[in-house]
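Chemist: Please see the structure below; I have some questions.
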Amino acid sequence: MSVSGMTDSLSIIAFDLVSNQLGGGLLTHTFGACQGIIYIEPGVGVAVGQAASNPFYGFAGLAMMRLGRTPAEVLDSIIGPGSEAERQQIAMVDVQGNVAAYTGLKCSPAAGHRTGNHYSCQANLMLRDTVWEKMAEAFESSAGELIDRLMSAMEAGEKEGGDSRGARCALVKVYNAEPPKRPWSHLVYDFRIYDHPEPLTELRRLVKTQRAHLAAGAANRLLEKDNVDDEQVTIARGRLNEALTMIPDIECRLEHQCEQAVLLFNVGRIEEALDMFKRVFAANPIWREIIRRDASIVPDKPFAKQLDRILAQ
């Protein structure tokens, strides 16, 4: 929920059947609105309550969908004439792809919504009454992961005029729709911009950077397998180098390189590992101390047993 309690905004919520992911995105002028408004529960669905934002509608929506009610049935039960809902925009999508949305008559114009196949776009206090239609068109026509399509929808809404006051706050989040065996493993993306002159640009930067870090980690995990061969080493090194080009911070790049150097050493690629250690240490000598500390934690690892040789680089 926003600091002011009012969240006039544009938003999109969706279920991606192909990736089995739930997600949502929000763009508004309201400071701090990214800490609420869109609520997701794996195995259930996603709900949004904006305008005169009241968390009740999001939480009630998830609770009732959890009991087997469809989004349309939920809205029918919580919306009535003369209720507070007349100042709300509410939308819900469940993990079967059922969708329902509502725009109260007392929402600040321009206000409206558009539902489609497994998604809903809604907006209020917009500069133009075409915003939610443009969002829907962008979502339907864009390719890529769910998060890319959510971003495209928000960018289209902003391009069409967006929030009458301008945009300062945004969020985008994607969860695995399947209830996780480990409660902490459902999250795919969760980025929140509390206040920024270009919140969507900042969201794009964060998404791109996280993808690069995930790619770097995946590259290094190739070297954690048993009996790593030459081809796997070549692939791992190539993929890491590609990922590093998308990571702007040098210390983050050095961390991934240092990790790969350790893994190369552990699988017997000594000279390649030493060369990588040498380049990392030249870029920032603090990594010598970090490697020393890491070795003290896992003294039985091959790199730890030859620590002096590594530190001599």
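Chemist: Taking the chain as the reference, fit the longest principal axis to its C-alpha atoms, fit the long axis of helix 199-221 to the helix C-alpha atoms, and give the angle between the two in degrees, 0 to 90, nearest 10.
Modeler: Approximately 40 degrees, to the nearest ten.
Chemist: On to the next question. Measure nothing fancy, just the Cα-based angle from helix 250-266's long axis to the longest principal axis of the chain, in degrees from 0 to 90, nearest 10.
Modeler: Approximately 50 degrees, to the nearest 10.
Chemist: Using 0.36 nm per residue, how much length does the chain from Gln232 to Ile297 gain when fully extended, once their Cα-Cα distance is taken away?
Modeler: Extra length available between Gln232 and Ile297 comes to 20.7 nm.
Chemist: According to the Kirkwood expression over distinct Cα-Cα pairs, how big is the hydrodynamic radius of the range 25-80, in Å?
Modeler: That comes to 11.9 Å for the range 25-80.
Chemist: Also: Take His196 and Lys278, extend 7 Å from each Cα along the Cα→Cβ direction, and tell me the distance between the two endpoints in nm.
Modeler: The modelled label-to-label distance comes out at 4.0 nm.
Chemist: Next up: What pairs from Lys134/Lys173; Lys106/Lys173; Lys208/Lys278; Lys173/Lys225; Lys181/Lys301; Lys159/Lys208 go past 24 Å between their alpha carbons?
Modeler: Long pairs (Cα-Cα over 24 Å): Lys106/Lys173; Lys208/Lys278; Lys173/Lys225; Lys181/Lys301.
Chemist: Gln96 to Glu242: FRET efficiency via 1/(1 + (r/R0)^6), r the Cβ-Cβ distance, R0 51 Å, to the nearest 0.05? Each step should come with its number before you reach the end.
Modeler: Numbers: r = 38 Å, r/R0 = 0.75.
E(calc), rounded to 0.05, equals 0.85.
Chemist: Next question, about the same structure. Treating the beta-carbon of each Lys and Arg as +1 and of each Asp and Glu as -1, no other charges, what is the dipole magnitude of the range 37-170 about its Cα centre, to the nearest 20 debye?
Modeler: Values: 11 positive and 16 negative charges, 59 e Å.
Approximately 280 debye in magnitude.
Chemist: Here is a follow-up. Thr130 to Lys305: extension gain in nm, 0.36 nm per residue of separation minus the Cα-Cα distance? Walk me through the numbers before you get to the answer.
Modeler: Values: separation 175, 0.36 × 175 = 63.00 nm, distance 6.56 nm.
Taking 0.36 nm per residue and subtracting the Cα distance, the gain is 56.4 nm.
Chemist: Place a point 7 Å from Cα of Arg211 in the direction of its Cβ. Which residues in the range 157-194 have their backbone N less than 16 Å from it?
Modeler: Only 172-174, 188-191 pass the distance filter.
Chemist: While we're here: Could the peptides 294-300, 142-148 be put in order, highest first, of the mean number of other beta-carbon atoms found within 10 Å of their residues? Walk me through the numbers on the way to the answer.
Modeler: Numbers: 294-300: 11.4, 142-148: 15.9.
Ranking the peptides 294-300, 142-148 by packing returns 142-148, 294-300.
Chemist: Another question, then. Work out, in µm²/s and without decimals, the Stokes-Einstein translational diffusion coefficient of the chain at 20 °C, 1.002 mPa s, Rh from Kirkwood over C-alpha pairs.
Modeler: In µm²/s, the coefficient rounds to 100.
Chemist: Assuming R0 = 25 Å, what is the FRET efficiency of Leu67 and Glu178, from their Cβ-Cβ distance, to the nearest 0.05?
Modeler: 0.85
Chemist: Follow-up. How big is the dipole moment of the range 212-311 about its Cα centre under a simple scheme where the beta carbon of each Lys and Arg is +1, that of each Asp and Glu is -1, and everything else is neutral? Debye, nearest 20, please.
Modeler: Approximately 240 debye in magnitude.
Any read-out appearing in this document is the output of simple, stated calculations on the displayed coordinates, not a laboratory observation. As the structure is a computational prediction, the values presented were derived from the model and not from experiment. As a convention, Cβ positions derive from the backbone with ideal geometry for all residues, glycine included, and neighbour counts pool all protein chains shown.
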